Each structure stands twice: as structure tokens, then as C-alpha cells.
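A quick write-up on the structure given underneath.
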Amino acid sequence: AQEGRRIAGQDQLRRQELSHRTSNILGGAIHILEAAHRNLPAEESAARRLKEVVARLHSLGLANQFGVIRSDSKLKTLATEAIREALIMLGAAEKVSLLTVGEEVWLTACQAQILAAVLSELAVNTVKHGGPGLKTIRVIWTITKDQIILDYADDGRGLPTDFTVEAVEPEHQGLGLIASFLAEIRGTFELLNPEPSETGFRARIIFPYHPW
């Protein structure tokens, strides 16, 4: 009986945690919709902006599946599915190739949910701001004793040199959400400067590693 109560208590805590994370994800969706409506320029195609919003919401739904339906996930599978799904929704899957490199690692349900949302959002921003020269997205990660360090990069036109996440402008609203999402898994988000011989957007995500 005591063991049954313990298991029931753990199940209740898990449901509460999933409910909390889902609420945060949906809060992000509401923020995206409000910002898209508030910052829609008169000269911009409403259809294109709507496609971006739909892609973001679809990606958040996929992220929720990783956290609720799947009890655990491999990082390579998650990165591929999350980014590919965003590219498909934006009609860029044939134009933009994806490279994922790193040791196979399992993620907790919470990590999977948040990272799926973050990588999807990065892909949406890549397609939106990458320009005509965009051809490739690269996701490369390394594992230390207690951390996973994931670098996301594309070969598009990149961000303005004076851009910071703290002073995020409305057109880059998705980047402002990423740091708050990652805080849920004690993760960090940092913008990196491209190498002198490279162009494009680069960012680093660091979050705890939980060996199985």
C-alpha cells in the first residue's frame, strides 16, 4: 500500500509538472500571436506572416508531444524532427539542408519538450531572416561530464552586429522567447559571432546532462 501511494504521488507530480510546462508553451504561443498582430506592417504580406505564425504554433504542438506523449527522446531525432517540421511548414524544406552532428544522447521529457520548441523557433527565425543565400542549418553538440553544449548555425545573412537578446526588436520576437523557455531546464542561450570567413547566424545552448 505504501509503495502504491508513492507511485501515485510520483504520477501526480509528473502530471502537475507536465501541466505547468504545457501552460508555459501555450503562453509562448499567445505571446507570438499578440506580437504578430501588434507588429504587422501595412506593407508586409499578411499571408507570409500568417504562415510564420502557423509554423510557430505547429512547432509548439510538436514540442508538447515530445514532453507529454514521449517519455524520453534522443537528441539527434528531436533536432531533426523539430527543425524539419518547421522548414516544411514554411515551404523551405527543399531549399535548406540540415546537418546534425553529435554523440547520441537521451533527453528527459522536460528537456525534449523545451528543446523542440527552441530549435523550431530558431529554424523559423533562420528562414525569416536568412535571406536568399541561406542553404544550410547546422546543429552540433558536445557532451561534458554534466552539460550538453549545442551550437546552432546557419549560412544566411545573420543578425545586425549590435543585436542583443536583451534588446530584442519585434521582428526578432522569437529569440526573446528562447531564453525564457530554456530557463525551465536550467539552460542558457548565447549569441555567437560568426568566424571571420563565415556569414550567418550562430547561437549556443547549454543545459544540464543527465546520464541514463
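Quick look at the numbers
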quantity	calculated
Flag if VAL168 is part of a loop (DSSP other than H, G, I, E, B) and either in contact with a helix residue (DSSP H, G or I) (Cβ under 7 Å, 6 or more places away or on another chain) or at pLDDT below 95 (or both)	yes
Selection status of SER120, hydroxyl-bearing (Ser, Thr, Tyr), surrounded by 19 or more Cβ atoms within 10 Å (Cβ to Cβ), touching a helix residue (DSSP H, G or I) at 6+ places or on another chain (Cβ under 8 Å) and not in a helix (DSSP H, G or I)	no
Count - residues of the range 78-102 that are in a helix (DSSP H, G or I), among the hydrophobic types (A, V, I, L, M, F, W, C) and out of contact with any helix residue (DSSP H, G or I) (no Cβ under 7 Å at 6 or more places or on another chain)	1
Conditions (1) free of Cβ contacts under 8 Å to residues at least 24 places away in the same chain; (2) crowded, with 18+ Cβ neighbours inside 10 Å; number of the one not met by VAL139	(1)
Count - residues of the range 64-80 that are within 13 Å of the chain's Cα centre (by Cα) and modelled with pLDDT under 90	2
Some residue of the range 82-93 being modelled with pLDDT of 90 or more, farther than 25 Å from LEU191 by Cβ and charged (D, E, K, R)	no
Any pair with Cβ under 7 angstrom, 6 or more apart, that starts in the range 197-212 at a residue that is on the phi < 0 side of the Ramachandran plot and open to solvent by less than 80 Å² (accessible area, probe 1.4 Å) and ends at one that is of a type in the set (Asp, Glu) and part of a loop (DSSP other than H, G, I, E, B)	PRO208/ASP146; TYR209/ASP146
Residue in the range 153-164 that is modelled with pLDDT of 90 or more, surrounded by 13 or more Cβ atoms within 10 Å (Cβ to Cβ) and over 17 Å from LYS128 (Cα atoms) present	no
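The values are calculated or read from the model by the stated rules, or taken from the named source; none is laboratory data. Please read all numbers here as calculations on a predicted model, not as lab measurements. With ideal geometry, Cβ positions are generated from the backbone for all residues, glycine too; neighbour counts draw on all protein chains shown. Note: accessible area is taken over every heavy atom of the protein model, side chains too, but ligands, DNA and RNA are not part of it. Shrake-Rupley method; radii C 1.70, N 1.55, O 1.52, S 1.80 Å.
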